[in-house]
Amino acid sequence: MKSLIRLLTISAFAAFMFTACEGPMGPAGKDGANGTNGKDGLNGQDANSFCVKCHNTANWTAKEAQYQLSKHFTGNTSARNTKYCARCHTSDGFQEITAQNKYVVSNDIPNAVRITCKTCHQHSVFDFAEDTMAQILRTTTPIPLNYNGNTTTTDFGPINNLCATCHQIRGVTSVNWTDSLGVIKTFNQLPFFPFNKAGQDDKADVKFQVGVNFSVHDGNQSNLFTGINAYEYAGVNYVRTWKHSANDCIDCHMNEYNATTKRGGHSLWPNEEACAACHGGDKITPTQALIDAKRIELAELLTTRKVFKKTTSTAGVVSYSAVPSHDFYGTLFPTTETTTKFATALASNPTVSPTTGLVIPGNKVTMAVDKDFATRIGRPWKYGEMGAAYNYGYINSELSMGVHNPVYALKVLQSSIDWLKAN
Ligand code: HEC
Ligand code: HEC
Ligand code: HEC
Ligand code: HEC
Ligand code: HEC
Ligand code: HEC
């Protein structure tokens, strides 16, 4: 490569000479080095054939067509360009945090570009001898997680690190709230991840206050796949690995493209027909059915003890949500009707600044009579209950419904169920 650059420099200089030089001709130069030097680092090929392996029209057109099938491209959440979302939901945000090694972008990015080729791709060096694919990816380094106190990095493996920079637990979404008197204060309880509490006593009390959030968001695939960061009960042995633990995300999500089903390759949807080569049949549906049944069993147990509330929509869709035991200021909700006002909600009303055009997050405490008294638990939660509620979300919002690690997923759900039954 060095010699290629040198050649370019020499010809630029020569062009300059032809236009500007009026002086006498110099002595004849030495013969140039032969072209083989240009092959250094390109696995013995010249730059033309080496670069063109990727940079040819057919390949590029195919990649673009496949990518347009991906939710990265079709999904509507690339519009999430505000400060706490842009790092994962826009190309600009991702480039900013990876280039500057930070967790949150410096501000909203109103005209951000959605996730594109250049989000994932960037050439590092051109001496491709070592790991060709890693050298065309924007990042492959271990990740400082968005939670975890932001101090340690986790290594999911080179290409997985690219995906897991976004496909991880979300972390902070806002920093300020406004109390009922209009005073702006800083959150100290958001988000709250029970798995962070090392040596926690499962039976200890914990308030689940209005405004506390333990949502992992839809992107926690890297955690389940690796078998980490669920709430783990004392004395239970968790197995973290399964048959596909040694695989990379792309072994399934960028497997061979199938033009008929339009899955595989840069569509990022796994081509399931290619799985059948080993499996001979569908492993996904039965795995998901098994985990889903356990998920519902856990949710029903949590509903019975009033940690969760069950809602059925008019269309018949069942959902479960956690019911706070305490109001925003930490006062226990009673289980019978009263006229006392409580800090029942933390309403999010962001506004847009007329001068800067940036979003000003707004979280305002609502004081009201509590109408949900019938579904309140009437006591602090136990840590084990908080863990079980968190574990429900850990599986439910992960989107693969256990396929990313059926062994760990099952244990996480079963150990929650066992603890609730025993306590
Ligand atoms: C392994 C595949 C691969 C090889 C080999 C490869 N590239 Fe690339 N190249 C990419 C990808 C992927 C991108 C990013 C796509 C984009 O910019 O939209 C890219 C981007 C580029 C860009 C930036 C284009 C732009 O619009 O910003 C240049 C310039 C480039 N490559 C030159 C080269 C040269 C020169 C070589 C050979 C020495 C080479 N590439 C070899 C895959 C490859
Ligand atoms: C810049 C952050 C980011 C990176 C890097 C990233 N993703 Fe995503 N991914 C997202 C977001 C955001 C969505 C959801 C898009 C939507 O709904 O608008 C998504 C959606 C997906 C989906 C849903 C289905 C589909 O076809 O898109 C899969 C699968 C996926 N990503 C896999 C991967 C893999 C594998 C990698 C690594 C090679 C990766 N992602 C890298 C942010 C990212
Ligand atoms: C750490 C990275 C990360 C951050 C930060 C993040 N998200 Fe996401 N989000 C993802 C990933 C990854 C997915 C894609 C999962 C999928 O659809 O496959 C996703 C999915 C979503 C979805 C659902 C998409 C769908 O198609 O179902 C919504 C809505 C969403 N995010 C909103 C937000 C908002 C609002 C913020 C900021 C407050 C935010 N996200 C911050 C990574 C992130
Ligand atoms: C979500 C991240 C992501 C996005 C977005 C993405 N790629 Fe890739 N791309 C990858 C990964 C990971 C690999 C390595 C695949 C492997 O090792 O099999 C790759 C490989 C490639 C290659 C080299 C392999 C080959 O078959 O030629 C090219 C070229 C390429 N991508 C082009 C593109 C183009 C063009 C786009 C936009 C239309 C794009 N990529 C968007 C992640 C991404
Ligand atoms: C053993 C194969 C396999 C591996 C390895 C794998 N996945 Fe998946 N993944 C799947 C399957 C199968 C689904 C379910 C797809 C479906 O329902 O269509 C899925 C679902 C997803 C989804 C949800 C898509 C949606 O929006 O419905 C995302 C995002 C995702 N995977 C990302 C990842 C990431 C990131 C990694 C690496 C940490 C990874 N996957 C590793 C097989 C795999
Ligand atoms: C190279 C062979 C191979 C390929 C390809 C492969 N698998 Fe597997 N997979 C296995 C083996 C072996 C097991 C262990 C269980 C067994 O023996 O059936 C397994 C187990 C699983 C399991 C756990 C099921 C259970 O009952 O324990 C799931 C889920 C799974 N694979 C999904 C996938 C998906 C999705 C793909 C395609 C994207 C895929 N696999 C491709 C070899 C493979």
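Read the figures in this text as sums done on the coordinates, not as results from a lab. The structure displayed is predicted, hence computed values, not measured ones. Methodologically, a virtual Cβ is constructed for each residue, glycine included, from the backbone with ideal geometry; neighbour enumeration extends over all protein chains shown.
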Under the 7 Å Cα-to-Cβ spin-label approximation, Asn258 and Asp127 lie apart by a distance in nanometres of 4.3
In the stretch 236-310, the GluC sites (Glu not before Pro) that sit in a DSSP loop and have at most 15 other Cβ atoms within 10 Å of their own Cβ are Glu256
Any trypsin sites (Lys or Arg not before Pro) in the stretch 358-398 that lie in a DSSP loop and have at most 16 other Cβ atoms within 10 Å would be Lys371
Full extension between Lys118 and Glu64 adds, at 0.36 nm per residue less the Cα distance, a length in nm of 18.2 nm
Neighbour-count ranking for Val210, Val352, Val113 (other C-beta within 10 angstrom, fewest to most) reads Val352, Val113, Val210
Per the 1/(1 + (r/R0)^6) rule, R0 = 45 Å and r from the Cβ atoms of Tyr238 and Asn107, FRET efficiency to 0.05 is 0.65
Calc'd 3J(HN,Hα), the stretch 115-125, phi into Karplus 6.51 cos²θ - 1.76 cosθ + 1.60 (θ = phi - 60°), Hz, glycine/Pro = x, comes to 4, 10, 3, 6, 5, 8, 9, 6, 6, 8, 10
Long-range amide H partners of Phe342, meaning residues 5 or more apart or on another chain whose placed amide H is closer than 5 Å, are Ala368, Val369, Asp370
Between Thr311 and Asp155, the two model label points (7 Å from Cα along the beta-carbon direction) sit apart by a distance in nm of 4.5
Rounded to whole Å, √(5λ) for the Cα gyration tensor eigenvalues of the stretch 40-169, largest first, gives 28, 20, 12
Sorted by chain and number, the residues with a modelled amide H under 5 Å from that of Lys262, at a separation of 5 or more or across chains, are none
At R0 = 30 Å the Cβ-Cβ FRET efficiency linking Ala422 and Val175, nearest 0.05, sits at 0.15
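Find the Cα radius of gyration of the stretch 171-423, compare it with 2.2 N^0.38 Å by division, and give the number to two decimals.
Dividing the Cα radius of gyration by 2.2 N^0.38 Å gives 1.17.
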Given backbone amide H placed at 1.01 Å from N, residues whose amide H is under 5 Å from that of Phe126, ignoring those fewer than 5 places away on the same chain, are none
Two pseudo-spin positions, 7 Å from Cα along C-beta at Cys51 and at Ala99, lie apart in nanometres by 2.2
Violations at 20 Å Cα threshold for listed pairs Lys102/Lys207; Lys262/Lys294; Lys294/Lys411; Lys102/Lys364; Lys203/Lys341; Lys71/Lys102 -> Lys102/Lys207; Lys262/Lys294; Lys102/Lys364; Lys203/Lys341; Lys71/Lys102
